[in-house]
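The values are calculated or read from the model by the stated rules, or taken from the named source; none is laboratory data. Computed from a predicted structure; not experimentally measured. Note that each Cβ is placed from the backbone with ideal geometry, even for glycine, and that neighbours are counted across all protein chains shown. Calculation scope for accessible area: heavy atoms of the full protein, side chains included, ligands and nucleic acids excluded. Shrake-Rupley method; radii C 1.70, N 1.55, O 1.52, S 1.80 Å.
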Amino acid sequence: METMEQRLISNWSKVNFSVPSSFVQPLDCRPGKVTSPSSKTIPLIDLGGHDHAHTIIQILKASEEYGFFQVINHGVSKNLMDEALNIFKEFHAMPPKEKIDECSKDPHGVNCKLYASSENYKKDAIQYWKDTLTHPCPPSGEFLEFWPQKPHKYREVVGKYTQELNKLAHEILEMLCEGLGLNQGYFIGGLSENPVVLVHHYPPCPDPSLTLGLAKHRDPTIITILLQDQEVHGLQVLKDDEWIPVEPIPNAFVVNIGLILQIITNGRLVGAEHRVVTNSTSARTSVAYFIYPSFSRIIEPAQQLVDVPIYKSMSFGEFRKSFYEKGPKIEQVLQS
Ligand code: OGA
Ligand code: NI
């Protein structure tokens with residue numbers, strides 16, 4: 001049995017110059033040559049503009065057509081974004097044993113995790129080229145005692161960063177409420193009180209044409225706000241059967257609609273499929289901030305918006321269980 005230390009991709013990929021067979025994707029999932037630059041891109045929205053109504057229209061349109069957009073002038077300082085990204089990079093650069101120890105403060109092993117490949121490691125036939133650190137990060141400060149304490153400013157910087165992201169997420173959700181015609185504050189409370197941060201580290205891969213960093217998926221969230229490495233490409237969004245690269249833009253966040261918001265809007269907004277490809281030269285770090293409901297909260301199309309719901313009601317706990325059991329086949333479980 002392999003230990004977690006042995007599994008971490010960052011632990012062995014530097015001295016292994018070929019792709020182990022357990023990481024070679026089946027032909028129909030491989031990214032192929034990932035060089036051809038696409039002229040298409042996802043919308044870029046300036047949140048600092050003065051025309052609030054116009055901003056809402058842009059957000060709504062992007063959420064309907066792409067399920068993805070980038071935002072600039074979002075109010076989170078460049079300094080804090082850099083500080084957070086650097087501390088997450090430092091975390092993944094620590095010796096494997098230290099990382100594992102720093103993620104072992106919860107005796108139940110649920111409120112801070114470090115894993116290789118994906119959370120479904122045991123079930124996945126094929127592995128993914130990535131290590132991930134994840135823990136809850138509610139603004140109340142609950143679970144803070146389970147977060148890493150190394151690098152030494154981790155809790156301070158990540159605490160500040162996740163507070164700011166919570167504010168930004170709620171601003172975006174409020175604008176979506178306005179645009180959709182939902183009551184103000186619709187998402188405050190149960191639908192958004194369980195935020196989680198996922199810090200992905202994708203080491204360079206000797207043959208990116210054979211592997212994936214992250215499988216094609218939709219996020220099991222309300223929305224996701226992603227901070228990506230400023231120089232390194234990797235994220236792609238599926239739009240009209242084409243993989244569109246999400247360009248790293250300085251000081252921007254990538255925002256995407258999650259499957260739960262697709263359900264709430266009865267399919268009007270799309271939780272688009274996306275994936276991450278690897279590259280052979282640079283490690284890539286990305287930080288996803290997931291807005292999750294509380295586990296008992298019922299997920300269903302909003303009655304204010306919908307006469308004929310196409311999705312059935314279930315608790316977020318049930319939804320998440322099906323999501324991890326069924327993977328891409330979850331759509332069948334959701335339809336009413
Ligand atoms: C995710 C995700 C993209 C990335 O965490 O769900 O899609 O670039 N991450 O790491
Ligand atoms: Ni995702």
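If you scan region 221-232, which residues turn out to be touching a strand residue (DSSP E or B) at 6+ places or on another chain (Cβ under 6 Å) and away from ligand 2 (no atom under 14 Å from the Cβ)?
The answer is Asp229, Val232.
Of all residues in region 262-274, how many are within 13 Å of ligand 2 (Cβ to nearest atom) and crowded, with 22+ Cβ neighbours inside 10 Å?
The initial filter retains those residues of region 262-274 that are within 13 Å of ligand 2 (Cβ to nearest atom), namely 271-274.
Subsequent filtering for residues that are crowded, with 22+ Cβ neighbours inside 10 Å retains 271-272, 274.
Going through region 262-274 one residue at a time, the tally reaches 3.
Quick one: in region 281-319, which of the residues that are open to solvent by less than 20 Å² (accessible area, probe 1.4 Å), in contact with a Pro (Cβ under 6 Å, 6 or more places away or on another chain) and assigned to a loop (DSSP other than H, G, I, E, B) is nearest to Lys89 (Cα to Cα)?
Among those residues, the one meeting the criterion is Ile291.
Yes or no, residue by residue, for (1) among the small types (Gly, Ala, Ser); (2) away from ligand 1 (no atom under 13 Å from the Cβ):
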| position | (1), (2) |
| --- | --- |
| Thr134 | no, no |
| Gln149 | no, yes |
| Thr162 | no, yes |
| His170 | no, yes |
| Gly181 | yes, yes |
| Ser192 | yes, yes |
| Ile225 | no, no |
| Gly234 | yes, no |
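Could you tell me how many of the residues in region 147-158 are under 18 Å from Pro96 (Cα atoms) and touching a strand residue (DSSP E or B) at 6+ places or on another chain (Cβ under 9 Å)?
Let us first name the residues in region 147-158 that are under 18 Å from Pro96 (Cα atoms), namely 147-152, 154.
Still in the running and touching a strand residue (DSSP E or B) at 6+ places or on another chain (Cβ under 9 Å): 147-148.
Counting residues in region 147-158 that are under 18 Å from Pro96 (Cα atoms) and touching a strand residue (DSSP E or B) at 6+ places or on another chain (Cβ under 9 Å) gives 2.
His92 fails exactly one of the following numbered conditions: (1) modelled with pLDDT under 95; (2) within 16 Å of ligand 1 (Cβ to nearest atom); (3) not basic (Lys, Arg). What is the number of that condition?
His92 satisfies all of (1) modelled with pLDDT under 95; (2) within 16 Å of ligand 1 (Cβ to nearest atom); (3) not basic (Lys, Arg) except (1).
Find the residue count for region 289-333, including only residues that are farther than 21 Å from Pro136 by Cβ and hydrophobic (A, V, I, L, M, F, W, C).
Here the count works out to 8.
What residue, among those in region 127-145 that are open to solvent by 50 Å² or more (accessible area, probe 1.4 Å) and among the acidic types (Asp, Glu), is farthest from Ser21 (Cα to Cα)? Break it down into steps so the answer makes sense when it comes.
Here is the first cut: in region 127-145, the ones open to solvent by 50 Å² or more (accessible area, probe 1.4 Å) are 139-140, 142, 144-145.
Still in the running and among the acidic types (Asp, Glu): 142, 145.
Values: Glu142: 41, Glu145: 39 Å.
If we take residues in region 127-145 being open to solvent by 50 Å² or more (accessible area, probe 1.4 Å) and among the acidic types (Asp, Glu), then Glu142 is farthest from Ser21 (Cα to Cα).
Those residues that are open to solvent by less than 10 Å² (accessible area, probe 1.4 Å), within 15 Å of ligand 2 (Cβ to nearest atom) and not β-branched (Val, Ile, Thr), I need them from region 236-261; list them, please. Full working, then the answer.
We begin by selecting, within region 236-261, every residue open to solvent by less than 10 Å² (accessible area, probe 1.4 Å); these are 237, 244, 246, 252-261.
Narrowing further to those that are within 15 Å of ligand 2 (Cβ to nearest atom): 237, 244, 246, 253-261.
Listed by number, the residues that qualify are Phe253, Asn256, Gly258, Leu259, Leu261.
Among the residues of region 186-215, how many are within 25 Å of Leu176 (Cβ to Cβ), away from ligand 2 (no atom under 16 Å from the Cβ) and open to solvent by less than 10 Å² (accessible area, probe 1.4 Å)?
Final tally of qualifying residues: 3.
Yes/no matrix, rows are residues, columns are (1) exposed (fewer than 12 other Cβ atoms within 10 Å of the Cβ); (2) outside any loop (DSSP other than H, G, I, E, B):
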{"residue": "Val19", "(1), (2)": "no, no"}
{"residue": "Thr41", "(1), (2)": "no, no"}
{"residue": "Gly48", "(1), (2)": "yes, no"}
{"residue": "Ile59", "(1), (2)": "no, yes"}
{"residue": "Phe69", "(1), (2)": "no, yes"}
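Filter region 103-126 for residues that are open to solvent by less than 60 Å² (accessible area, probe 1.4 Å), in a loop (DSSP other than H, G, I, E, B) and either of a type in the set (A, V, I, L, M, F, W, C) or at pLDDT 95 or above (or both) and give the result.
Once the filter is applied, which keeps residues that are open to solvent by less than 60 Å² (accessible area, probe 1.4 Å), in a loop (DSSP other than H, G, I, E, B) and either of a type in the set (A, V, I, L, M, F, W, C) or at pLDDT 95 or above (or both), region 103-126 yields Cys103, Asp106, Asn111, Cys112, Ile126.
Scan Ser322, Ser294, Ser336 and give me the residue that is modelled with pLDDT of 95 or more and of a type in the set (S, T, N, Q). Spell out how you get there, then give the answer.
Numbers: Ser322 fails: modelled with pLDDT of 95 or more; Ser336 fails: modelled with pLDDT of 95 or more.
The conditions single out Ser294.
In region 320-336, which residues are within 18 Å of Leu269 (Cβ to Cβ), open to solvent by 40 Å² or more (accessible area, probe 1.4 Å) and part of a helix (DSSP H, G or I)?
Hit for region 320-336 is Glu331, nothing else.
Return only the number of the condition from (1) within 15 Å of ligand 2 (Cβ to nearest atom); (2) surrounded by 24 or more Cβ atoms within 10 Å (Cβ to Cβ) that Thr278 does not satisfy.
If we test Thr278 against (1) within 15 Å of ligand 2 (Cβ to nearest atom); (2) surrounded by 24 or more Cβ atoms within 10 Å (Cβ to Cβ), just (1) comes out false.
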